[in-house]
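Some notes on the structure that comes next.
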Amino acid sequence: MAGETVTQTKWEGKACVELATPTAQEVWPLVEDFCNLHKWLPTIDTCYQVDGTLGQPGMVRYVATTTTSNEETMIKWAKEKLLMIDPIKRCLSYEVTDNNIGMKSYVGKSTVTPINDDGKNGCKIEWSFVCDPIEGLRFEDFLSYIETALQSMAKKMEDALLSTG
């Protein structure tokens, strides 16, 4: 093994969830509202704009969650930069630019698409990512977190839309 270089490959993953009733047109405004992630993702305590123009590429948000372990409270945070937003295709992408959770590079993409050709009765939300391996975490655990987070987020969005619709 001496003299050999070990290259770590990127982690790539995707989670999808289908909502039976809300349409892509109804769900997209909730997803594209880049600074209100805390309303939909139960693990996020706060999310707000720190730089740039709201809803425009280059805008940066700060997201944080408070965790308690062995009676010690820790704030885990990240700054995320909006790279692309396309209201026609209902997708956006962002990258983590700074954090205290061990991410060296991370680019995420969220897409909302209709389930049916007529655009009615349901939609699919997809959350995909490419990142460097995260120290102290297994890929399977990170993907499981993304899947669980998306399921929770989709349920909160669906509940909110059904209660107002």
(request) Could you pull the Rg and Dmax for the stretch 33-114, using just the Cα atoms, both in Å? (result) 13.6, 47
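Could you count how many Lys pairs in the stretch 72-160 have their Cα atoms under 14 Å apart, skipping same-chain pairs fewer than 8 positions apart? Present the calculation step by step, with values, prior to reporting the outcome.
On the way: LYS79/LYS104; LYS81/LYS109; LYS89/LYS109; LYS89/LYS124; LYS109/LYS124; LYS124/LYS155.
Step by step, the pairs that qualify in the stretch 72-160 add up to 6.
Given the DSSP H assignment, sum -39500 (n - 2.57) over each helix run of at least 4 residues in the chain and divide by its residue total; what's the result at 222 nm in deg cm²/dmol, nearest 500?
Numbers: 3 runs with 39 residues, N = 165.
So the helix-based figure for the chain works out to -7500 deg cm²/dmol.
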(request) Quote the FRET efficiency, to the nearest 0.05, computed for GLU140 versus LYS10 with a Förster distance R0 of 22 Å and r equal to the Cβ-Cβ distance. (result) 0.90
(message) Just to check I understand the Karplus step: with θ = phi - 60° and J = 6.51 cos²θ - 1.76 cosθ + 1.60, what whole-Hz values come out for the stretch 151-164, glycine and proline as x?
(response) 4, 5, 4, 4, 5, 5, 5, 4, 4, 5, 5, 5, 6, 9
(request) With θ set to phi - 60°, apply the Karplus curve 6.51 cos²θ - 1.76 cosθ + 1.60 along the stretch 41-51 and write out the HN-Hα couplings as whole Hz, x wherever there is a Gly or Pro. (result) 9, x, 7, 9, 7, 8, 7, 8, 6, 10, 7
(request) Would you compute the Debye intensity of the stretch 1-145 from its alpha-carbon atoms alone, equal scatterers and no solvent, and pass along log10 I(q)/I(0) at q = 0.12, 0.15, 0.18 Å⁻¹ to two decimals? (result) -0.57, -0.85, -1.14
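Top to bottom by accessible area (1.4 Å), largest first, where do ARG61, ARG138 land?
ARG138, ARG61
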(message) Can you give me the % of accessible surface on the stretch 1-90 that is carbon or sulfur? Probe 1.4 Å, all protein chains present, nothing else counted.
(response) 49
(message) At 7 Å along Cα-to-Cβ for each site, give me the label-to-label distance between THR66 and ASN36 in nm.
(response) 2.3
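Roughly speaking, to the nearest percent, how much of the stretch 99-151's 1.4 Å accessible area is carbon and sulfur? Show your work: numbers first, answer last.
Working: 1370 of 2830 Å².
C and S fraction of accessible area: 48 percent.
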(message) How much accessible area per residue does the chain have, counting only protein heavy atoms and a probe of 1.4 Å, in square angstrom?
(response) 59
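The values are calculated or read from the model by the stated rules, or taken from the named source; none is laboratory data. Note that the structure is predicted; figures quoted are calculated from it, not measured. Positions of Cβ are backbone-derived with ideal geometry, glycine not excepted, and every protein chain shown enters the neighbour counts. Just the protein is used for accessible areas: all its heavy atoms, side chains included, with ligands, DNA and RNA removed. Shrake-Rupley method; radii C 1.70, N 1.55, O 1.52, S 1.80 Å.
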